[in-house]
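The values are calculated or read from the model by the stated rules, or taken from the named source; none is laboratory data. Worth saying up front: this structure is predicted, and the values here are computed from it rather than measured. Here the Cβ positions follow ideal geometry from the backbone for every residue, glycine too, while neighbour counts run over all protein chains shown. Keep in mind that these areas ignore ligands, DNA and RNA; they rest on the heavy atoms of the full protein, side chains included. Shrake-Rupley method; radii C 1.70, N 1.55, O 1.52, S 1.80 Å.
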Amino acid sequence: MNPSLASLYQAVDIAQPIPPLLIGERANANGSKAFRECLLADDFEGCLRIAQSQEGEGAHVIDICTAYAGRDELADMTTLISMAAKALKAPLMIDSTNADCIEACLKIYPGRCVVNSVHLEDGGANLDRVLRLVKKYGAAVVALTIDEDGMAMTADKKLAIARRIHDLAVNTYGLRPSDLLFDPLTFTVGAGDETLKDAAVQTLEGIRRIKAELPGVFTMLGLSNISFGLAPAARRVLNSVFLHDAVEAGMDAAIVHAGKVIPLARISEEDRDVCRDLLLNREKPGAEGPLMAFIEHFSGKRETEEEDETATRSSNEARLFTKVVNGDKEGTEDVLMILLQRRKPVAIINDVLVPAMRHVGDLFGKGELLLPFVLQSAEAMKHCVKILEPLMDKLEEDSSTKVLLATVRGDVHDIGKNLVEIILSNNGYTVYNIGIKMPASTIIAKAREYNVDVIGLSGLLVKSAIVMKETMEQYQEAGLTAPILLGGAALTRKFVAEECVPGYQHPVVYCADAFAGLKAVREFEAGELKSTTWEGRAGGVKMKPGPKQVTLDRTNPVPKPPFIGVKYVERIPLAEILPLVNTQALFRGRWGYRRGKMTAEEYETLTEETVKPLYHRLLKEMEEKELLNLKVAYGYFPCQQDGDSIVVESPDGCEMFSFPRQPGSPYLCIADYFKDADSGQKDVVGFFVASAGEKIDAEIKRLYAEDSYHDYLMLHGLSVEITDALAEYQHAVMRRELGIATDEPAAIGGFVSQQYQGSRYGFGYPSCPDLDAHEPLFRLLKPERIGVILTENMEMVPEQSTSAIVAHHPQAKYFAV
């Protein structure tokens with residue numbers, strides 16, 4: 001395995017295929033005025049943006065140094081390292097001479113970084129502390145060729161000091177040679193100092209000898225020191241030539257402003273010769289010396305100004321690209337205004353913004369970027385597009401592939417559809433999101449009105465899948481020719497291929513998620529989109545016919561409920577619900593903070609430093625804005641089993657609830673948990689409808705409308721998990737009221753698993769998937785009193801609502817049909 005450094009998101013080989021490893025130098029309080037000003041203003045976000053900008057300019061590693069007179073280096077470094085660890089893909093270089101500061105940073109950084117630096121100036125006292133830390137935390141380290149006599153000026157001295165440090169590091173502290181990056185130091189050739197005229201020569205030779213005589217180690221330089229004191233434009237050219245020559249000498253890494261490196265091929269032969277005369281101290285007959293010749297050559301030259309302009313142009317494109325990839329909206333207006341001076345809005349979108357989002361999609365597909373960060377990038381993209389849209393011609397606006405999105409008839413769920421809109425629109429496609437509960441006639445009319453190229457239909461419910469199947473022939477008869485993409489939790493590839501594809505003569509494609517939708521649209525553009533096929537084999541293992549009824553203990557006593565009929569409870573305190581929230585399901589499932597390629601330690605850091613603070617922030621906002629109104633309609637009713645159904649008595653008459661039975665062993669059916677007429681007893685059944693209220697749904701829609709995609713997804717996921725926790729809370733209440741809460745802790749909040757008698761079964765879930773049961777349920781409980789209504793597909797509104805039937809039988813357990 002190649003020696004490498006690593007961030008939370010990726011590993012980077014120290015020995016680059018095309019050297020050198022570029023280490024961004026601008027996040028340094030002593031080397032960057034912009035960074036220093038942000039630091040002195042406590043603008044850590046500004047400091048982070050400077051670090052982020054270097055990624056877009058090509059830096060493989062970011063050097064961070066906050067040491068500055070009057071500042072608390074430890075506090076500044078730990079703050080910025082913590083922020084950078086979450087925001088930067090590039091690994092970090094911890095640039096400090098303070099061992100306590102270095103250790104604090106190593107403790108909190110989730111990847112493998114490099115420490116800058118150690119030396120022998122104090123005889124090795126600081127080196128001892130730092131190398132112990134490097135070994136303990138598995139870091140790499142930069143070693144400077146400095147000893148008790150000072151900085152090494154000659155190649156011989158550079159090698160001698162490097163050898164001493166190497167022997168200590170490897171033989172005393174147990175480091176590997178590949179853990180060491182030797183910086184043989186370079187000094188300016190631009191000061192006119194006679195003792196430094198051969199500084200570049202000695203440095204290049206030092207690199208060659210260290211690489212030759214200390215096998216396995218790496219070498220690096222603080223490159224820009226070579227040109228200190230010269231004019232900025234001339235420095236860029238000299239630094240670039242020196243970088244090329246140092247790499248040829250064996251240099252592996254360089255601390256440099258990556259955005260200001262000029263490829264050697266773009267430097268004229270004449271400029272190269274003048275630079276090398278200075279670097280190699282080559283005197284030419286009749287000349288005043290290589291330094292004066294260099295200064296005269298570059299004074300007022302237009303070539304370097306043009307090169308500066310070219311670099312600035314590419315730098316601004318790179319800055320915008322990086323901002324979108326990193327989900328950073330701040331400062332994009334300034335970059336856009338610069339780009340608009342020479343680019344059309346549509347060119348900025350097509351050449352910079354769309355490629356940035358496609359890069360984001362690629363990173364997500366490879367597991368290198370989590371969904372919350374994708375949404376932050378989408379927010380940044382949308383922010384830029386909103387600035388550019390007023391400046392675009394109408395023709396430009398209508399030139400992209402057009403996609404119609406809708407949730408099908410009777411289905412109010414829109415989270416999946418909206419994620420598709422976010423991904424598609426931010427990849428440059430024109431999207432018409434016409435909303436939820438859309439009948440086929442409206443979809444057909446809107447597809448014609450907008451002349452769309454692709455139609456995307458979404459639905460969460462089993463009934464929605466049936467609607468999709470049934471309406472395919474309508475789309476065919478209407479003469480539509482656009483491919484239809486189908487997505488939603490109830491769909492499977494098999495269902496789409498076997499039930500939906502035959503009804504429509506044009507491509508019908510199953511899309512498991514938003515990025516599958518993006519892939520399908522790209523395939524459409526390439527002329528490669530085809531209908532989904534199913535390659536599963538028919539004739540699998542068949543279930544043996546089971547008994548009509550499972551044998552259960554019929555001697556169980558019927559508990560006495562506290563009342564018969566319905567009760568309404570409003571304003572349930574959130575504090576009673578929170579202990580029941582399944583944070584693992586929330587963080588990993590609904591929010592998308594999955595471990596993926598991270599180590600357990602890296603994922604723990606992400607959870608503690610990013611995910612949990614987000615969770616508590618949203619909870620605080622919910623309470624401050626009073627977004628939740630947790631309420632329940634519930635009741636108890638006499639009942640009896642009738643085959644696979646139960647007949648429930650109410651003051652208004654009888655209601656029948658029919659349930660499916662498992663086709664294979666153990667052939668479970670919910671109805672079996674209740675006594676039948678042969679028992680000579682009436683049983684009792686509980687029902688409830690629980691809701692988080694209307695305000696939270698309105699807030700979620702507001703965030704989406706305002707393009708706050710990240711918080712939209714986060715708040716939606718949290719609201720759904722709180723609703724599930726409310727259902728668990730209500731079930732616990734009903735168990736206590738029925739006197740069957742025997743095996744659970746006294747405090748409801750302590751309940752974490754099914755260690756109790758009886759079970760609850762949510763309507764629409766695997767044990768009773770038919771939502772038609774909501775019709776009799778609503779006649780019994782009349783949950784309209786707490787603001788919950790039904791759609792034509794028997795789905796509850798607001799979305800943050802859930803329902804269940806409660807069985808008290810000791811053998812009742814959760815199962816799937």
Practice prompt. Quickly run through the range 1-25 and pick out the residues that are open to solvent by 20 Å² or more (accessible area, probe 1.4 Å), farther than 19 Å from residue 105 by Cα and more than 24 Å from the chain's Cα centre (by Cα).
Written response: 1, 2, 3, 15, 16, 17, 18, 19, 22
Worksheet item: In the range 129-150, how many residues are in contact (Cβ under 8 Å) with a residue 40 or more places away in the chain and charged (D, E, K, R)?
Response: 2
Worksheet item: In the set 152, 139, which member is under 39 Å from the mean Cα position of the chain (by Cα), open to solvent by less than 60 Å² (accessible area, probe 1.4 Å) and of a type in the set (Gly, Ala, Ser)?
Response: 139
Worksheet item: Across the range 27-60, what is the total count of residues that are open to solvent by 50 Å² or more (accessible area, probe 1.4 Å) and free of Cβ contacts under 8 Å to residues at least 24 places away in the same chain?
Response: 5
Practice prompt. For residue 152, state whether it is at pLDDT below 95, within 29 Å of residue 193 (Cβ to Cβ) and touching a Ser or Thr at 6+ places or on another chain (Cβ under 6 Å).
Written response: yes
Worksheet item: Within the range 652-691, which residues are more than 48 Å from the chain's Cα centre (by Cα) and not in a strand (DSSP E or B)?
Response: 652, 675, 677, 678, 679, 680, 681, 682
Worksheet item: With respect to residue 649, is the statement that it is acidic (Asp, Glu) and part of a strand (DSSP E or B) true?
Response: yes
Worksheet, complete the sentence: Taking the range 100-132 and the residues there that are more than 33 Å from the chain's Cα centre (by Cα) and of a type in the set (A, V, I, L, M), the one that is most open to solvent (accessible area, probe 1.4 Å) would be 125
Worksheet item: Within the range 74-89, is there a residue that is within 24 Å of residue 15 (Cβ to Cβ), of a type in the set (Lys, Arg) and assigned to a strand (DSSP E or B)?
Response: no
Item to complete: Hey, can you tell me all the residues within the range 804-817 that are buried (at least 20 other Cβ atoms within 10 Å of the Cβ) and touching a Pro at 6+ places or on another chain (Cβ under 8 Å)?
Response: 808
Item to complete: Please work out which one of (1) at pLDDT 95 or above; (2) of a type in the set (Val, Ile, Thr); (3) open to solvent by 20 Å² or more (accessible area, probe 1.4 Å) is the condition residue 455 fails and give its number.
Response: (3)
Worksheet item: Quick one: in the range 646-666, which of the residues that are surrounded by fewer than 17 Cβ atoms within 10 Å (Cβ to Cβ), over 14 Å from residue 769 (Cα atoms) and of a type outside the set (A, V, I, L, M, F, W, C) is modelled with the highest pLDDT?
Response: 649
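Rundown of residues vs (1) of a type outside the set (D, E, K, R); (2) buried (at least 18 other Cβ atoms within 10 Å of the Cβ); (3) over 30 Å from residue 129 (Cβ atoms), yes/no style:
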| site | (1), (2), (3) |
| --- | --- |
| 156 | no, no, no |
| 186 | yes, yes, no |
| 192 | yes, no, yes |
| 203 | yes, yes, no |
| 226 | yes, yes, yes |
Worksheet item: Mind checking which residues of the range 458-488 are of a type outside the set (Val, Ile, Thr), in contact (Cβ under 8 Å) with a residue 60 or more places away in the chain and open to solvent by 60 Å² or more (accessible area, probe 1.4 Å)?
Response: 463
Fill in: Given (1) over 30 Å from residue 553 (Cβ atoms); (2) buried (at least 16 other Cβ atoms within 10 Å of the Cβ); (3) charged (D, E, K, R), number of the condition residue 625 does not satisfy
(2)
Worksheet item: Mind checking which pairs have a first residue in the range 761-779 that is in contact (Cβ under 8 Å) with a residue 40 or more places away in the chain and open to solvent by less than 50 Å² (accessible area, probe 1.4 Å) and a second that is part of a loop (DSSP other than H, G, I, E, B) and of a type in the set (Phe, Trp, Tyr), Cβ under 8 Å, 6 or more apart or different chains?
Response: 761/814; 767/659; 767/814; 767/815; 768/659
Discussion item. Quick test of your reading of the structure: residue 63 fulfils all but one of (1) of a type in the set (D, E, K, R); (2) in contact (Cβ under 8 Å) with a residue 12 or more places away in the chain; (3) part of a helix (DSSP H, G or I). Name the failing condition by number.
Written reply: (3)
Worksheet item: Mind checking whether some residue in the range 297-306 is at pLDDT below 75 and part of a loop (DSSP other than H, G, I, E, B)?
Response: yes
Worksheet entry | Every pair of residues 6+ apart whose Cβ atoms lie under 6 Å, when the first sits in the range 151-164 and is farther than 10 Å from residue 202 by Cα while the second is among the aromatic types (Phe, Trp, Tyr) and outside any helix (DSSP H, G or I) | 162/182
Worksheet entry | Residues (under 27 Å from the mean Cα position of the chain (by Cα), part of a helix (DSSP H, G or I), over 10 Å from residue 384 (Cβ atoms) and in contact (Cβ under 8 Å) with a residue 12 or more places away in the chain) located in the range 319-345 | 319, 321, 322, 325, 326
Response to the item:
For the range 782-817, the count of residues that are within 18 Å of residue 410 (Cβ to Cβ), part of a loop (DSSP other than H, G, I, E, B) and of a type in the set (Ser, Thr, Tyr) equals 1
Discussion item. If I filter the range 438-451 for residues that are more than 30 Å from residue 694 (Cβ to Cβ), open to solvent by 40 Å² or more (accessible area, probe 1.4 Å) and touching a residue at least 40 places away in the same chain (Cβ under 8 Å), do I get at least one hit?
Written reply: yes
